[in-house]
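The values are calculated or read from the model by the stated rules, or taken from the named source; none is laboratory data. Predicted model only: the values in this text are computed from it and were never measured. We place every Cβ from the backbone using ideal geometry, glycine too, and count neighbours over all the protein chains shown. All accessible areas refer to the heavy atoms of the entire protein, side chains included, with ligands and DNA or RNA removed. Shrake-Rupley method; radii C 1.70, N 1.55, O 1.52, S 1.80 Å.
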Amino acid sequence: MTTETTRALSTDAASVDPRDIPVVILCGGMGTRLREASEKLPKPLVDIGGKPVLWHIMKTYEHYGFRKFVLCLGYKSDLIKNYFLAYRQQVADFTLKLADDHTPQFHNTAGDEDWEVTFVETGLLTGTGARLRRVAQYLTGPRFMITYGDGVGAINVADVLGDHIRSGRIGTVTGVRPSSRYGELVTEGNAVTQFAEKPPATGWVSGGYFVFEREFVDKYLDDDPSTMLERHPLQQLARDNQLTLHTHEGFWMGMDTFRDWTELNQLWDAGTAPWRVWAD
């Protein structure tokens with residue numbers, strides 16, 4: 001954990017080691033609205049700057065000390081598994097002797113990540129809540145993080161954890177203000193006094209990046225394949241006054257459409273990606 005992260009947490013929260021907290025990432029969706037980029041790939045493998053959006057999400061968590069990941073798999077799960085099984089070979093230098101057992105001899109540490117990744121088959125058409133319920137056996141410890149496999153943000157996930165612990169509630173959700181897709185006009189009579197190309201939303205919307213106490217899984221979820229995390233489970237949690245809001249005013253963007261994918265790649269290629277909080 002970085003010094004900055006430790007300072008961000010209260011005394012109680014600072015005693016929690018993020019290395020021990022599982023991070024669940026929902027990776028089962030088909031990405032039908034991103035068909036131009038994802039027709040042959042599961043959505044979490046669609047690339048930003050040559051790396052899957054899933055990788056970007058994991059690097060964000062790693063920057064703040066998290067290292068245990070649980071991937072809820074569904075659509076084209078074999079491709080996600082194969083990506084990580086061949087992770088080192090994709091970036092490292094190695095020698096392969098084709099006369100023996102074909103075991104690569106690696107010459108550098110490129111591709112080494114301090115990650116422990118658990119791959120869980122949660123069904124092809126399973127709802128987000130049911131996917132979470134189906135990884136329950138891998139959620140060791142008193143709490144866990146969870147996010148979607150298609151959104152990036154300059155989000156201090158250690159602060160999200162700190163707010164959660166200080167609140168004493170069962171769940172915490174990160175609220176964001178995504179930019180509108182349409183220009184907003186401020187007018188006086190028939191005169192336009194201000195033109196905002198992409199103004200932020202006026203209210204908070206869920207950006208994912210949740211924290212839950214382990215009891216959430218048993219009390220609010222079931223294995224019904226149609227169970228959506230965003231419907232009854234979170235609605236009931238809010239009615240029970242057990243859901244905390246962590247506000248994030250900075251950059252956040254879901255990769256829902258080809259237009260989103262293009263914009264995220266443009267930011268990365270220009271070297272101005274706000275979510276790139278980690279060092280190379």
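Assorted remarks:
- Inter-part distance where segment 111-171 and segment 47-95 are each reduced to a Cα centre, Å: 15 Å
- Protein accessible area in segment 16-268, 1.4 Å probe - carbon and sulfur %: 49 percent
- Phi-based couplings in Hz for segment 82-96 (Karplus 6.51, -1.76, 1.60; Gly and Pro marked x): 5, 4, 7, 5, 9, 4, 5, 4, 6, 10, 8, 7, 8, 10, 10
- Amide H partners (placed H, <5 Å) of residue 24, local residues excluded: 70, 145, 146, 147
- Each of 119, 226, 173 was scored by the projection of its Cα onto the charge dipole of segment 16-268, and the greatest displacement toward the positive side belongs to 226; charges sit on the C-beta of Lys, Arg, Asp and Glu.
- For segment 16-268, the residue among 107, 246, 74 whose Cα projects farthest onto the positive side of the dipole built from Cβ charges is 74.
- The largest accessible area among 56, 107 belongs to the first residue in 107, 56, and the rest follow in falling order (1.4 Å probe, all chains).
- Taking 167, 15 and ordering them by how much accessible surface each has at a 1.4 Å probe, largest first, produces 15, 167.
- In this structure residue 75 has an accessible area near 50 Å², from a 1.4 Å probe over the protein heavy atoms.
- Sequence-separation-based contact order of segment 16-268, relative, with Cα cut under 8 Å and 6+ spacing, percent: 24 percent
- Members of 51/76; 59/81; 40/81; 68/97; 51/219 lying beyond 27 Å, as alpha-carbon distances in this model show: 68/97; 51/219
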